[in-house]
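The values are calculated or read from the model by the stated rules, or taken from the named source; none is laboratory data. Quantities reported herein were computed from a predicted structural model and do not represent experimental measurements. Neighbour counts are summed over all protein chains in view; Cβ atoms, including those assigned to glycine, are modelled from backbone coordinates with ideal geometry. Side chains are part of the model used for accessible areas, which takes the heavy atoms of the whole protein and leaves out ligands, DNA and RNA. Shrake-Rupley method; radii C 1.70, N 1.55, O 1.52, S 1.80 Å.
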Amino acid sequence: MNAFSYRISGVQPSAIREILKSTADPSVISFAAGNPAPEAFPVDEIRRISNDILQEEPIAALQYSITEGYPKLRDWLKEDMAKKGNFSENDEDLIITCGAQQAIETCAKIFCNEGEAIICENQSFIGSLNAFRSYNAKLVGVETDDDGMIPEKLEKALKDNPRTAFIYTIPNFQNPTGITTSLERRKAILELAYKYNVLIVEDNPYGELRFAGIDVPTIKSMDTKGHVIYAGSFSKVLSPGLRVGYMIAAKSIIGKATVALQTSTVHANIWAQMVAYRFVTEVNFEEHLEKLREIYKRKCSLMLNSLKFSMPMSIAFTEPEGGLFLWGTLPRGDMNAFCKAAVAEKVAVVPGNAFLMNEKGVSYSFRLNYSTPTDEQIEKGVEILAKVAKTMF
């Protein structure tokens, strides 16, 4: 039998995907997923749009297409992103990807040489971390607080790792913690990227899902030197199953990303791109987004209020202003034992060490998702978690 390549041999299955196997049991209440709420899907509109496409443009939807993406969708995105300060027609371009995950993986593919560092928030999205690991990157975590990466810690990481491919950050309603990087911190991160001449990959899948607080400008919108690559997605605002994301960067970077994508997927699903384009132009998209915000605002409030009422006071929780997740931190003790005890009682949460640069590192935290479970499951699941916590802390 042939041996696996050394690049993939060290990449372990996603801890979240492994935990989700336990949720195949319908009696398990899952706070472990990261899926949009089932009631958030615009099923009727997508059904109508799909029928229209297959009636009016069947060959265009079913045939090969260009790697850069469906031109009408690209043009709409460029215009929309330009209004938000995230795109400049003069020196930037945009490419459609198979979700933001492919945009992020492509950045590692085109920028990261063996052993080079990728600097991330100390807890970060496991899908991105595994993509980086698959290119044998050196993952460097930067300590965060409620305002995001701590600039002094980031600068130390940059000094200690002169061979840094890029800084990866999720500034809005971060996965897994739910925190939002403050405007002051965003400016500091950008200035440090300029100072040390490194790129920033800004991952913003949740930005449109703000249901509280005030919008904070993207790092991309403040970039004047072409250092920021922006990854966006329709997964959380339309449907993850469509797998439609996009990358914005300097034209030279998008040119190289185009070549990279031609060696893997050739192009993102063209039918899905056509669906996304017709949705944003034929349906009241802002009204749709407002509906999503109301759904997640209610679910988040329900979970937070239930946690505050039931859980021991010694367990702290973040209070997100948007997105899909919140983060619990235990005062002491064995977090993995807590998570295992919860699963034994039919409630699944994700242990915090799954999001560390070193998955064997110590974490006293765990992630909860409020978008996927029903209201009844949120209330019952939190009640069970509280029962487990009170026996352990």
* Asked: Looking at the range 258-268, is at least one residue outside any helix (DSSP H, G or I), in contact (Cβ under 8 Å) with a residue 40 or more places away in the chain, open to solvent by 30 Å² or more (accessible area, probe 1.4 Å) and in contact with a Pro (Cβ under 7 Å, 6 or more places away or on another chain)?
  -> no
* Asked: Residues of the range 299-315 being basic (Lys, Arg) and touching a residue at least 40 places away in the same chain (Cβ under 8 Å), which ones?
  -> Lys299
* Test: residue in the range 180-191 that is in contact with a Phe, Trp or Tyr (Cβ under 6 Å, 6 or more places away or on another chain) and among the hydrophobic types (A, V, I, L, M, F, W, C) -> no
* Filter result for the condition that a residue is over 29 Å from Glu290 (Cβ atoms) and either among the hydrophobic types (A, V, I, L, M, F, W, C) or at pLDDT 95 or above (or both), over Ile179, Ile214, Ile219, Ile167 -> Ile167
* Asked: Do any residues in the range 147-164 that are in contact (Cβ under 8 Å) with a residue 24 or more places away in the chain and farther than 16 Å from Val198 by Cα have Cβ atoms under 7 Å from those of residues that are of a type in the set (Gly, Ala, Ser) and assigned to a loop (DSSP other than H, G, I, E, B), where the two are at least six apart or on different chains, and which pairs are they?
  -> Asp147/Ser182; Gly148/Ser182
* To do: Report yes if Ala249 is in contact with a Cys (Cβ under 9 Å, 6 or more places away or on another chain) and crowded, with 19+ Cβ neighbours inside 10 Å, otherwise no.
  => yes
* Asked: Restricting the search to the range 350-380, which residues are part of a helix (DSSP H, G or I) and open to solvent by 20 Å² or more (accessible area, probe 1.4 Å)?
  -> Asn353, Asp375, Glu376, Gln377, Glu379, Lys380
* Can you find even one residue in the range 316-325 that is surrounded by fewer than 16 Cβ atoms within 10 Å (Cβ to Cβ), free of Cβ contacts under 8 Å to residues at least 40 places away in the same chain, touching a Phe, Trp or Tyr at 6+ places or on another chain (Cβ under 9 Å) and small (Gly, Ala, Ser)? -> yes
* Only one of these conditions is not met by Gly328: (1) assigned to a helix (DSSP H, G or I); (2) within 17 Å of Ser306 (Cβ to Cβ); (3) touching a residue at least 40 places away in the same chain (Cβ under 8 Å). Which number is it? -> (1)
* Asked: Does the range 76-98 contain any residue that is under 24 Å from Asn175 (Cα atoms) and free of Cβ contacts under 8 Å to residues at least 60 places away in the same chain?
  -> no
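Please work out if Cys120 is touching a residue at least 12 places away in the same chain (Cβ under 8 Å), under 24 Å from Gly323 (Cα atoms), assigned to a strand (DSSP E or B) and open to solvent by less than 10 Å² (accessible area, probe 1.4 Å).
yes
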* Extreme residue, surrounded by the most Cβ atoms within 10 Å (Cβ to Cβ), among residues of the range 142-164 that are part of a strand (DSSP E or B) and touching a helix residue (DSSP H, G or I) at 6+ places or on another chain (Cβ under 8 Å) -> Met149
* Would you check if Tyr296 is touching a residue at least 40 places away in the same chain (Cβ under 8 Å), open to solvent by less than 70 Å² (accessible area, probe 1.4 Å), part of a strand (DSSP E or B) and under 22 Å from Gln174 (Cα atoms)? => no
* Name the pairs: first residue in the range 29-43 and part of a strand (DSSP E or B), second residue small (Gly, Ala, Ser) and at pLDDT 95 or above, Cβ to Cβ under 7 Å, at least 6 apart or on different chains? -> Ile29/Gly381; Ser30/Ala348
* Asked: From the list Ile126, Ile119, Ile66, which residue is touching a His at 6+ places or on another chain (Cβ under 8 Å) and either within 14 Å of Val275 (Cα to Cα) or of a type outside the set (S, T, N, Q) (or both)?
  -> Ile66
* **Scan of the range 186-234 for residues that are surrounded by fewer than 24 Cβ atoms within 10 Å (Cβ to Cβ), of a type in the set (Ser, Thr, Tyr) and under 18 Å from the mean Cα position of the chain (by Cα), ordered by number** => Thr218
* To do: Within the range 56-101, track down each residue that is outside any helix (DSSP H, G or I), polar (S, T, N, Q) and under 19 Å from Gln262 (Cβ atoms).
  => Gln63, Ser65, Thr67, Thr97
* Structure fact -> From the option list Glu68, Glu105, Glu89, single residue qualifying as open to solvent by 90 Å² or more (accessible area, probe 1.4 Å), among the acidic types (Asp, Glu) and within 19 Å of Tyr230 (Cα to Cα) is Glu89
* Structure fact -> Out of (1) free of Cβ contacts under 8 Å to residues at least 60 places away in the same chain; (2) within 25 Å of the chain's Cα centre (by Cα), the one Ala344 does not meet is (2)
